[in-house]
Amino acid sequence: MLGDLEFLYPTAVCGCVSQEQGVADQIDIIQGTLGKAFGMQGGYVTGSAAMVDCIRSFGASFIFSTSLAPVLCAGAIASVSHLMRSQEERRLQRERVAEVKSKLTARGLPVMDNPSHIVPVFVGDPVKVKTLTDRLLQNHNIYLQPINYPTVARGTERIRIAPGPCHTSEMVDALVEALVTEWIMLGLPKEMVRIAA
């Protein structure tokens, strides 16, 4: 059985979850993106030479893709090198995540438990979560992605907030106020009640 760890979110800023949880020695493959925290584009796969060769040989998306431009490779190397030396970005992101969770919870919004840097807020209805995110963009210039089936089970629709190290407390306050305002306007529940699928 293979241990696979997929980093779709900011690996560099979050730190390696497998190391934090003491299971790094059980991971055979790590795949991730060079976007978001690294500020570039593209992705990577790490593992044994045999595993990487197998992916290279049989992975359809790899076979039919082109390599990254040299400038993107240089940028990725610079980003990874910086984040290997710096802990400041991780510290700031953890502070912002704790702040967002605390302030949303204090205002009674249904923040779902999650150990990562993602702050999921339960809505429980596919139409309402889309309406909420549309209103946040239209009325407050805040973009959040609605998360629906098949990404999550029907009846567990949510928004996911990903606070970053460059967000300020003032930005967090504006987000919380906007969410509370729209939550009330839409009559969304403040408890996690799953709708019938």
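The values are calculated or read from the model by the stated rules, or taken from the named source; none is laboratory data. Owing to the predicted nature of the structure, the values given are computational and were not obtained by experimental measurement. FYI the Cβ positions are ideal-geometry reconstructions off the backbone, even for glycines, and counts take in every protein chain you see.
Structural remarks
- Subset of segment 161-184 (residues that are surrounded by fewer than 14 Cβ atoms within 10 Å (Cβ to Cβ) and either modelled with pLDDT of 95 or more or under 14 Å from residue 105 (Cα atoms) (or both)): 168, 169, 170, 173, 177, 184
- Within segment 110-143, the set of residues being over 12 Å from residue 162 (Cα atoms), hydrophobic (A, V, I, L, M, F, W, C) and buried (at least 17 other Cβ atoms within 10 Å of the Cβ) comprises 111, 122, 123, 129, 132, 136, 142.
- Considering segment 27-92, the qualifying helices (runs of 4 or more DSSP H), each wholly inside and each with 2 or more residues that are surrounded by 12 or more Cβ atoms within 10 Å (Cβ to Cβ) and among the hydrophobic types (A, V, I, L, M, F, W, C), run over 49-58, 70-85.
- Scanning segment 138-167 for residues that are β-branched (Val, Ile, Thr) and assigned to a loop (DSSP other than H, G, I, E, B) gives 142, 151, 152, 156.
- For segment 144-160, taking the residues that are buried (at least 19 other Cβ atoms within 10 Å of the Cβ) and in contact with a Pro (Cβ under 6 Å, 6 or more places away or on another chain), the one that is nearest to residue 126 (Cα to Cα) is identified as 157.
- Close pairs from segment 132-155: first assigned by TED's automatic domain parsing to the domain that holds residue 172, partner loosely packed, with under 14 Cβ neighbours inside 10 Å and basic (Lys, Arg), Cβ under 6 Å, at least 6 apart: 155/194
- Taking the criterion of being out of contact with any strand residue (DSSP E or B) (no Cβ under 7 Å at 6 or more places or on another chain) and assigned to a helix (DSSP H, G or I), the residues of segment 115-137 that qualify are 126, 127, 128, 131, 134, 135, 136, 137.
- For beta carbons closer than 6 Å, sequence separation of 6+ or different chains, a first residue in segment 29-47 that is aromatic (Phe, Trp, Tyr) and a second that is at pLDDT below 80 and buried (at least 18 other Cβ atoms within 10 Å of the Cβ), the qualifying pairs are 38/12.
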